[in-house]
Amino acid sequence: MKQKDSFAVNKKTEDLSINTENPKDQLLTSNQGVPINDDQNSLIAGERGATLMEDFLFREKMTHFDHERIPERVVHARGSAAHGYFQVYESMEKYTKAHFLQDPSVKTPVFVRFSTVAGSRGSTDLARDVRGFATKFYTEQGVYDLVGNNIPVFFIQDAIKFPDLVHAVKPEPHNEIPQAASAHDTFWDFISLMPESTHMIMWLMSDRAIPRSYRMMEGFGVHTFRFVNAEGQSHFVKFHWKPLLGVHSVCWDEAQKISGKDPDFHRRDLWEAIESGAFPEWELGVQIVPEEDEFKYEFDLLDATKIIPEELVPVKRIGKLVLTHNPDNFFAETEQVAYHAGNVVPGIDFTNDPLLQGRLFSYTDTQLIRLGGPNFHEIPINRSIAPVHNNQRDGFMRQTINQGRVSYNPNSLGGGCPFQAGAMQGGFKSYTERIDGKKIRGRSKSFFDHFSQAKLFYESQSEAEKQHLTNALRFELGKVETIEIRQRMVGLLSQVNKTLAKNVADGLGLTVPEALEYPINHSIPADGNPEDYQPVNVEPSIKKSDALSMANTSKNTIKTRQIALLAADGFEEQSLQNFKKALETEGAMISVVAPKFGTIKGAKGIETKVDQTLLTASSVLFDAVFVCGGSVGVETLLEEPSAVEFVDEAFKHCKPIATVGEGIELLKASNQLRKHLEKGTVSSIGVLVDQSPEEFVNAIAQHRFWEREKKDKNLN
Ligand code: HDD
């Protein structure tokens, strides 16, 4: 009776599956719909007796619980996802008949999942790793999946090497160490024997592999695909996602610290941005290459270790992706979503890229074990919004109740249904590519240039990016215990750039081999002649590409940037209000960080709510910091070692820092900041003393002031 009353009072529920209007729906039941009277106690034989086998409620609850986990993805296990829509800017009918790329007024629903690759489901978001960027388009012609990464190339050229690659990067099998990290012997052993991975390694060792946010990274379809138009003409196409917030990363020291302070950093960032209405946006870009230009370039379009430099084929932005709502249930949606590089719709088709071809097998195969049978397309998150009619039947967890006795084709008993779809009805027809060839196991010689684009990438980086890349290699190879593997890697790097190889070798206590020995390529058949498999030198037609450096990304917004306002009782109110207002107007997220929770009182008695304390917050979780003035407040902060550490670390990580009035004293308490303040050159490196909020806004939009590192080596 008592319980009933509390229901009556508290009619609000967060469980949307419960209909609060219908009293019957509020009752707890078993999976068979039987109302449960006692969910607190097992059925036992006497007050102190054993639990009875008869307790079907206990058994049902426990059995379900025992089976609540499914195998995690063999790669990309850790991920976060969101719903949204995609809208094309103008019809792409010249190139493709895909319906969702025709009408600018149509919003195609999407579900996008971002992920790391190597770590387990519970691993940190900030691992140095490739990020998955998988988009499911629920189009009126069926489901289209663009299953990409945030790096435009891949480690290997042929899918048959994928299990080897993944075995090498995953924790080592004897002791399951290390988690979510490539910095170990087996990974670098494999890489050092696979020259084709060199280009990808440049990207992986760059800051691209430690993004600031999922919302601030690019996405790439990687392979060359085909667009096919209504006339059956094909164009090659590479897909890009361009984030409207620009492409930004954190630095490695920061990434490692974030992994401790908030392993859910990217997941939380995505969730909170969407909850606050700051919907993440990307533009879909395409590089289109006419069929007749297939052999025009010095690289092979079918080789997934190569990009098409944007200087050769510009990226045309053709539409926008907006993520508008978070999933209701992580398991049902984010965990059960099943992407497949082979889910295409009419108007999009494959090429003979051997990496892509192998993927076409792997995705369904892995879902069969992960989701427990062939009916995973019926799980709500995977369902097509276009009607599904075919003769597939039965199997584990079948949801559809097919009627009638006809499940074959041709049939007359079912009136011939379902009919095959002709051209008028949009039936999928594979592009009629001419194929002439002998059945071989092998690789085209046009795939044998492994270094020219690695060079291009390295040469296109800013000085700071080159330094970060070098340090990343020194870190990763420094964790490798087998000296021969380190030495082999130095040999490989010397093919990319002598200075890079030398700087890495220095850090490892090694030297670069005098004569440039070509690294041995072990990726050859048993009776193959190694001479025939050596990399070939290709002169790249582009020496430097601005699009490859994050230094050239757009820096015109501070939307959703996390800004800490450091303050304590006695702070100076006016400037705090001014800075807060200016930052919020520009869409930044503000947290007042103080020694303890509750409110802090300003010098004139005005109170401000505290959002985080020096104990719960940390500089690595913010993009910039403002130190409030006011002598009493600053005195208090000076007594807090974590307040000094806060600004010291923000400076070390090259973040914008601003202060007014007495706040400068806190900055001076950091040794490195004091040195710069004494020299009086701080504003050029993003430390703003007594400057306007607008100046601070501009500095935050720059993201980081990496120039600080030139002055202080070993900071990153
Ligand atoms: Fe893959 C998952 C992206 C090569 C086999 N892959 C997976 C996911 C992404 C990618 C984003 C996670 C999807 C999700 O969020 O559920 N994979 C790529 C890219 C590749 C690539 C961009 C190269 C261009 N993958 C690749 C190869 C193979 C696989 C060569 C095997 C031949 N990938 C898989 C898989 C996974 C997967 C084993 C694991 C979980 C899953 O599929 O659903 O089938």
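Once the mean 1/r over all distinct Cα pairs of segment 79-382 is inverted, what Kirkwood radius in angstroms do you read off? Mind showing how you got there, number by number?
On the way: mean 1/r = 0.0503 Å⁻¹.
About 19.9 Å for segment 79-382.
I need the Kirkwood Rh of segment 555-715: take the reciprocal of the average 1/r across all distinct C-alpha pairs and report it in angstrom.
Details: mean 1/r = 0.0657 Å⁻¹.
So the Kirkwood estimate lands at 15.2 Å.
Evaluate the charge dipole of the chain about its Cα centre and quote only its size in Debye, nearest 20, assuming +1 on the Cβ of each Lys and Arg and -1 on the Cβ of each Asp and Glu.
Numbers: 79 positive and 97 negative charges, 134 e Å.
Value, rounded to 20: 640 debye.
Residue by residue through segment 179-191, which ³J(HN,Hα) values in whole Hz follow from phi under the Karplus form 6.51 cos²θ - 1.76 cosθ + 1.60 (θ = phi - 60°), with glycine and proline marked x?
Using θ = phi - 60°, the values come out as 7, 6, 8, 9, 7, 7, 4, 5, 4, 6, 4, 4, 4 Hz.
Sort 197-206, 465-474 for me by packing, meaning the mean count of neighbouring Cβ atoms within 10 Å per residue, highest on top. Don't jump to the answer; show the numbers that get you there.
Numbers: 197-206: 25.1, 465-474: 21.5.
So the order, starting with the most tightly packed, is 197-206, 465-474.
Beyond 17 Å, how much of the Cα-Cα pair distribution for segment 55-113 remains, as a whole percent? If you can, show how the numbers build up before the last one.
On the way: 1118 of 1711 pairs.
Percent of Cα pairs beyond 17 Å in segment 55-113: 65.
Would you calculate the convex hull of the Cα atoms in segment 424-581 and tell me its volume per residue in Å³? Numbers along the way, then the final one.
Details: hull volume 50.4 nm³, N = 158.
Output value, Cα hull per residue: 319 Å³.
Ignoring ligands, DNA and RNA, what accessible area per residue does segment 405-447 give at 1.4 Å, in Å²?
Working: 4010 Å² over 43 residues.
Heavy-atom accessible area per residue stands at 93 Å².
Check Ile348: other-chain or 5+ apart residues with amide H under 5 Å from its amide H, H built from backbone geometry?
Residues meeting the criterion, in which the H sits 1.01 Å from N, are Val228.
Quick one: of the DSSP bridges fully inside segment 555-715, what percent are antiparallel, nearest 5?
That works out to approximately 15 percent antiparallel.
Direction-averaged shadow area of the convex hull around the Cα atoms of segment 124-167, nm²?
Values: hull surface 19.0 nm².
Convex hull of Cα atoms, orientation-averaged projection: 4.8 nm².
For the pairs Lys479/Lys668; Lys136/Lys261; Lys261/Lys543; Lys238/Lys438, flag any whose C-alpha to C-alpha distance is greater than 30 Å.
Working: Lys479/Lys668 36 Å; Lys136/Lys261 32 Å; Lys261/Lys543 41 Å; Lys238/Lys438 28 Å.
Going by Cα-Cα distance, Lys479/Lys668; Lys136/Lys261; Lys261/Lys543 fall outside the 30 Å limit.
Report the Stokes-Einstein translational diffusion coefficient (µm² s⁻¹, integer) for segment 241-355, Rh taken as the Kirkwood radius over Cα pairs, at 10 °C with viscosity 1.306 mPa s. Don't skip to the answer; put the middle values down first.
Values: Rh = 18.1 Å.
For these conditions, the coefficient is 88 µm²/s.
Keeping all protein chains in place, calculate the accessible area per residue for segment 555-715 (probe 1.4 angstrom), answer in Å². Could the numbers behind the result be given before it?
Values: 6860 Å² over 161 residues.
On a per-residue basis, 43 Å².
For the chain, what is the convex hull (Cα atoms) projected area averaged across all directions, in square nanometres? Could the numbers behind the result be given before it?
Details: hull surface 163.6 nm².
So the Cα hull casts an average projection of 40.9 nm².
Tell me, what does the Kirkwood hydrodynamic radius of segment 399-503 come to in angstroms if you use every pair of distinct C-alpha atoms?
Values: mean 1/r = 0.0491 Å⁻¹.
About 20.4 Å, per the Kirkwood formula over Cα pairs.
Based on the alpha carbon coordinates of segment 30-155, what radius of gyration and maximum Cα-Cα distance (Dmax) apply, in Å?
24.0, 78
Which net charge results when you count Lys and Arg as +1 and Asp and Glu as -1 among the other residues whose beta-carbon is under 10 Å from that of Ala603? Could you put the intermediate results ahead of the total?
Numbers: positive: Lys601, Lys604; negative: Asp569, Glu572, Glu573.
Charge balance in the 10 Å sphere: -1.
With every protein chain present, what is the per residue accessible area of segment 79-382 (1.4 Å probe, Å²)? Write out the running numbers ahead of the final one.
Values: 9590 Å² over 304 residues.
Here the per-residue accessible area is 32 Å².
Sort the following peptides by mean Cβ neighbour count (other Cβ atoms within 10 Å, averaged over residues), highest first: 247-254, 117-124. Mind dumping the intermediate values first?
Working: 247-254: 21.6, 117-124: 18.5.
So the peptides 247-254, 117-124, ranked by packing, come out 247-254, 117-124.
Could you tell me the center-to-center distance, by alpha carbons, between segment 571-621 and segment 29-61 in angstrom?
52 Å
Going toward the positive end of the dipole of the chain, with +1 on Lys and Arg Cβ and -1 on Asp and Glu Cβ, which of Thr63, Val687, Ile664 do you reach last?
Going by the charge dipole, the pick is Thr63.
Distance cut-off 32 Å, Cα to Cα: go down the list Lys316/Lys652; Lys97/Lys306; Lys107/Lys581 and report the pairs above it.
On the way: Lys316/Lys652 38 Å; Lys97/Lys306 27 Å; Lys107/Lys581 35 Å.
Violating the 32 Å limit, Cα to Cα: Lys316/Lys652; Lys107/Lys581.
Quick check on packing: order 449-458, 694-703, 337-346, 582-591 by the mean number of other C-beta atoms within 10 Å, highest mean leading. Mind showing how you got there, number by number?
Working: 449-458: 24.3, 694-703: 19.5, 337-346: 21.7, 582-591: 17.0.
My ranking of the peptides, most packed first, is 449-458, 337-346, 694-703, 582-591.
For the chain, give the percent of accessible area contributed by carbon and sulfur heavy atoms, probe 1.4 Å, rounded to a whole number.
On the way: 18060 of 34620 Å².
Exposed carbon and sulfur together represent 52 percent of the surface.
How much accessible area does Asp353 have with a 1.4 Å probe, in Å² rounded to the nearest 10?
0 Å²
Just to be sure I understand the model, the point goes 7 Å from the Cα along the line to the Cβ. What's the resulting Lys439 to Gln40 distance in nm?
Output for this residue pair reads 7.1 nm.
Find how much the distance from Ser91 to Glu481 grows on full extension, using 0.36 nm per residue of separation minus their present alpha carbon separation; answer in nm with one decimal.
Numbers: separation 390, 0.36 × 390 = 140.40 nm, distance 5.51 nm.
The span from Ser91 to Glu481 would gain 134.9 nm if fully extended.
Give me P(r) over segment 208-299, computed from all C-alpha to C-alpha distances, binned every 5 Å, as integer percentages.
Pairs per bin, as whole percents: 3, 12, 16, 17, 13, 11, 10, 8, 7, 3, 1, 0.
Ignoring everything except DSSP H segments at least 4 long, calculate the 222 nm mean residue ellipticity for the chain; use -39,500 (n - 2.57) per segment, divide by total residues, nearest 500.
-7500 deg cm²/dmol
The values are calculated or read from the model by the stated rules, or taken from the named source; none is laboratory data. No experiment lies behind these values; they were computed from the predicted model shown. No Cβ is skipped: glycine too gets one built from the backbone with ideal geometry, and neighbour counts run over all protein chains shown. Note: areas computed on protein heavy atoms with side chains; ligands, DNA, RNA excluded. Shrake-Rupley method; radii C 1.70, N 1.55, O 1.52, S 1.80 Å.
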